[in-house]
1. To make sure I understand the rule: partners must be aspartates and glutamates, Cα under 17 Å from the Cα of LYS200, and not fewer than 8 residues away in the same chain. Which ones qualify?
2. Please compute the Cα-Cα pair-distance distribution of the range 20-66 with 5 Å bins starting at 0, giving whole percents from short to long.
3. Name the GluC sites (Glu not before Pro) in the range 1-101 that are in a loop by DSSP and that have at most 13 other C-beta atoms within 10 Å, would you?
4. In Å, what Kirkwood hydrodynamic radius results for the range 6-111 from the alpha-carbon pair distances?
5. Using alpha-carbon pairs under 8 Å, 6+ residues apart, how would you state the relative contact order of the range 1-98 in percent?
6. Compute the FRET efficiency between SER110 and LYS200 as 1/(1 + (r/R0)^6), taking r as their Cβ-Cβ distance and R0 = 25 Å, and round to the nearest 0.05.
7. Just in the range 93-139: which trypsin sites (Lys or Arg not before Pro) are loop by DSSP and have at most 14 other Cβ atoms within 10 Å?
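Rule-based calculations on the coordinates, nothing more; no lab input. No experiment lies behind these values; they were computed from the predicted model shown. Counting neighbours? That spans all protein chains shown, and the Cβs are built from the backbone with ideal geometry, glycine included.
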Amino acid sequence: MFPLERQAVISFLSGTVHRIAADHLVILTYGVGRRVNVTPDTLSNTRHGADIELVTTLVVREDSMTLFGFGTEDENHTFEVLLSISGIGPRLAMAILSVMGPGELAAAISNQDANALTRVPGIGKKGASRIILELENKLPKLAASEPGLQLSFGGANQQVVDALVGLGWKEAQAADVVQEVINDLGQNAGTSALLKASLKVLGARK
C-alpha cells in the first residue's frame, strides 16, 4: 500500500444535507452527492435538508479516496496534525475528535494528561503517552469551539448507539449506556446531549 497522502483537492464544501448516516453525511452540491465522514457532534447538529458548510480534508490511499469534514478550521487542523503521527489513521483521529474537541485535546497535551486520551476507544496508557510526546509543540493553544445549534430529529437514540459503535464500543454496551443516559436526562434530550453524556459514562468505565 502506498503511504497515506493528504491533498487539498477539496478543502471546503458547501451544500445541502441529502442523507445522514451513523458516521457520515451525503451533501448535495450542484446535483452531485458527496459522502463526507464527520464526527458524531457534527451529525447531531444538522438535519436532512439543512444547508451546511464544512472545512474538509481528502485522504488518499492506494485503494480509496475519503473526504472528512469539520465544522471549524481548528478541528480540521487538529485532524491533519493527528494524521502526521505514526500509527494514527483517519478512523482513530476521528475517534479522538469525537471524544474531545481541539481545545480539550490541546489542554490534555499541554498538561501531560494521558488519562484524558485513554477515554478514546483504542488508546491505552502507553499509546496516550506516545501521542502526548509526539504532539508536544505541534498543536497551538486552541480555544474550544463555540457549540452550534443543537437540532434533534427522529431516531436520535439509535443514531447515538450507531455513532458509539462506529467509535469502537460494542452495540449492546452502547445501547445500555444510552438507555441509562436517557433515564437520567429524559426522553426529550437532544442527540448531542445524549452523545456527550454517553461518551462521558463510557470513558469513566473504561
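1. Result set, ordered by chain and number: ASP41, GLU104, ASP113, ASP162, GLU171, ASP176, GLU180, ASP184.
2. For the range 20-66, the pair-distance distribution reads 5, 18, 31, 26, 13, 6, 2.
3. Here the sparse-neighbourhood loop sites are GLU62.
4. The Cα-based Kirkwood calculation yields 14.1 Å.
5. Taking the mean separation of contacting Cα pairs over the length of the range 1-98, I get 27 percent.
6. 0.70
7. For trypsin sites (Lys or Arg not before Pro) across the range 93-139 that sit outside H, G, I, E and B with at most 14 neighbouring Cβ atoms in 10 Å, the list reads LYS138.
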